[in-house]
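Student: Pasting a structure here, questions to come.
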Amino acid sequence: MSSTLDRPLCPACGATAGKCLVDLPYGEAPLTTYLAQFYAAYPGCDFTALQSARYRLEACDHCGCIYQNPAPSPEFLQEFYHRGLYGPDAPPYPSPEIEHSEHIVRELTMVVHFLTNQNGRRPAVLDYGTGSGRWAFLAAASGVETHACDLSTHAFARLESAGIGCHLIDALPAARFDYINTDQVMEHVLAPADIVRRCANALRPGGILKIGVPYDPNLRAKLEQPDWLAPKHSPHSLNGVAPVEHLNHFEPRSLDLLVQSSGLQKMTVTRWSLATSGQARTPQTLRQRFGTWLRAKLGETYRAYPAGTQTCFYHKPVPSHAR
Ligand SMILES: [Zn+2]
């Protein structure tokens, strides 16, 4: 099997011109040390097929996306995730942090408020790439109609026993969901634009796609003096472009260009409230504007969770004849 796949085009915007930032052999230090340390707890992760391959990072001149080219091949990634990271010898998922669960429910509440105000019915939500199913279980417990999809069916029996509809990723129904959650998905995939298209097709008109991905604003500076062995979450960590796993590191502009061809429109988040770009803003008096400014300063503002990630929401417009 081929262990790598060439990606001559930017995976976010499709531009051809990329500048090489990093070019290292997988079969030598520092990457051999990185892989041995980072995956020490995962005996099923086998990197032999990458021995003679190179880890190269390119930066898109057009949108700033930094991406692996070549990237590990689909066949390699299939083995890596199914036998290595989530295989029978892998350690159990870490226990969830209560703050993360709280954030999931709060963010979902913001979305459900928006959707309910739009059409008045109970929304159907889909967790794309559900993994252990944590997001989906919390959504179902919150009372919304919940679905989940994944490449792997390993969590389906548990999910279905909680009333969650399960789908394979390549068999999603069309125009079925009001909200699709993709969290820590787009950075792992070879062709994120295909996933966006699939999600846009599965959304009902008026529905929302969320994209949450890692984001490191200092990544380019760190790559000038890279420390490949810096632990995850440490100041010098290069986890944003983790070899094998994080194939794409998106700038905010990259995400907007990624969804553009699918016809989705970026939404705005003000404090904890969503709005479409087409929603008319009521003109505010000076006193009201001061109040808004003061609340934004003093009050709580929506932030992506965990730190080091960016989250954007995109809206599927309702065709004018259907309004
Ligand atoms: Zn690009």
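Every number here is computed from the coordinates shown, using simple stated rules; none is lab data. Nothing here was measured: the structure is a model prediction, and the numbers come from that model. Here the Cβ is made from the backbone with ideal geometry for all residues, glycine too, and neighbour counts use every protein chain on show.
Student: Kindly rank 178-191, 227-240 from highest to lowest mean number of other beta carbons found within 10 Å of each residue. Please report the intermediate quantities before stating the final value.
Tutor: Working: 178-191: 21.2, 227-240: 15.0.
Highest-to-lowest ranking by the protection proxy: 178-191, 227-240.
Student: If the cut-off is 25 Å between C-alpha atoms, which lysines fall inside it for K210, apart from same-chain ones fewer than 8 positions away?
Tutor: K232, K266, K316
Student: In units of 2.2 N^0.38 Å, what is the alpha-carbon radius of gyration of the range 134-206?
Tutor: Scaled against compact globular proteins, the figure is 1.09.
Student: Calculate the length of the line joining the C-alpha centroid of the range 74-120 to that of the range 218-257, in whole Å.
Tutor: Computed from Cα coordinates, the inter-centre distance equals 21 Å.
Student: Oh, and also: Mind sorting S277, S101 by how few other Cβ atoms lie within 10 Å of their own Cβ, fewest first?
Tutor: Fewest to most other Cβ atoms nearby, the residues stand as S277, S101.
Student: What do you get for the angle between helix 286-298 and the principal long axis of the chain? Use alpha-carbon atoms, 0 to 90 degrees, nearest ten.
Tutor: Result, in degrees: 40.
Student: Now a separate question. Please list the equivalent ellipsoid semi-axes of the range 169-209, computed as the square roots of five times the alpha-carbon gyration tensor eigenvalues, in descending order and whole angstrom.
Tutor: Each semi-axis is √(5λ); the values are 18, 11, 8 Å.
Student: Net charge near G263: determine it from the other residues with C-beta under 10 Å of the C-beta of G263, scoring Lys and Arg +1 and Asp and Glu -1.
Tutor: +2
Student: Could I ask something else about it? If you build a Gaussian network model of the chain, linking Cα atoms that sit under 10 Å apart, which residue out of E160, E245, E145 swings the most?
Tutor: E160
Student: Could you point to the residue in A148, A200, H167 farthest towards the positive end of the range 143-208's charge dipole, with +1 and -1 charges on the Cβ of Lys/Arg and Asp/Glu respectively?
Tutor: A200
Student: Once the piece of chain linking W272 and Y93 is laid out straight, how much longer is it, given 0.36 nm per residue of separation minus the C-alpha distance between them?
Tutor: Computed gain between W272 and Y93 is 61.5 nm.
Student: Here is a follow-up. Taking the square root of 5 times each eigenvalue of the Cα gyration tensor, what semi-axes in Å does the equivalent ellipsoid of the chain have, largest first?
Tutor: Calculated on Cα positions only, the semi-axes equal 34, 24, 20 Å.
Student: Looking at the range 64-163, which trypsin sites (Lys or Arg not before Pro) are in a loop (DSSP not H, G, I, E or B) and have at most 11 other Cβ atoms within 10 Å? Intermediate values should be presented prior to the final figure.
Tutor: Numbers: sites: R83, R106, R121, R134, R158; in loops: R121.
When the trypsin sites (Lys or Arg not before Pro) of the range 64-163 are filtered for loop state and at most 11 Cβ neighbours within 10 Å, R121 remain.
Student: Further question on the same structure: List the equivalent ellipsoid semi-axes of the range 161-283 in whole Å, largest first, each obtained as the square root of 5λ for an eigenvalue λ of the Cα gyration tensor.
Tutor: 30, 21, 14
Student: A further question follows. Over all directions, the average projected area of the alpha-carbon convex hull for the range 7-60 comes to how many nm²?
Tutor: Directional mean of the projected Cα hull area for the range 7-60 stands at 4.6 nm².
Student: Next question. Would you order L24, L257 from fewest to most other beta-carbon atoms within 10 Å of each residue's own beta-carbon?
Tutor: Values: L24 17, L257 21.
Going from sparsest to densest Cβ surroundings: L24, L257.
Student: Arrange the following residues from fewest to most other Cβ atoms within 10 Å of their Cβ: C63, C20. Walk me through the intermediate numbers first.
Tutor: Details: C63 21, C20 10.
Least crowded to most crowded, the residues run C20, C63.
Student: Students often get this wrong: which residues of the range 88-115 have the backbone nitrogen under 20 Å from the point 7 angstrom along Cα-to-C-beta of R295?
Tutor: Zone members listed by number: 106-115.
Student: For the chain, what is the charge dipole size about the Cα centre, in debye to the nearest 20, if Lys and Arg each add +1 at the Cβ and Asp and Glu each add -1 at the Cβ?
Tutor: 1700
Student: Follow-up. Considering the options L257, T276, L223, tell which one lies farthest towards the positive end of the dipole of the chain, charges being +1 on Lys and Arg and -1 on Asp and Glu at the Cβ, about the Cα centre.
Tutor: T276
Student: Then there's this: How much net charge surrounds A49 when only the other residues with a Cβ under 10 Å from the Cβ of A49 are counted, with Lys and Arg +1 and Asp and Glu -1?
Tutor: In short, -3.
Student: Relative to the compact globular guide of 2.2 N^0.38 Å, what is the alpha carbon radius of gyration of the range 1-144, as a ratio?
Tutor: Normalised by 2.2 N^0.38 Å, the Cα Rg of the range 1-144 equals 1.38.
Student: Nothing charged except the Cβ atoms of Lys and Arg (+1) and of Asp and Glu (-1): what's the magnitude of the dipole of the range 137-232 about its Cα centre? Round to the nearest 20 debye.
Tutor: 140
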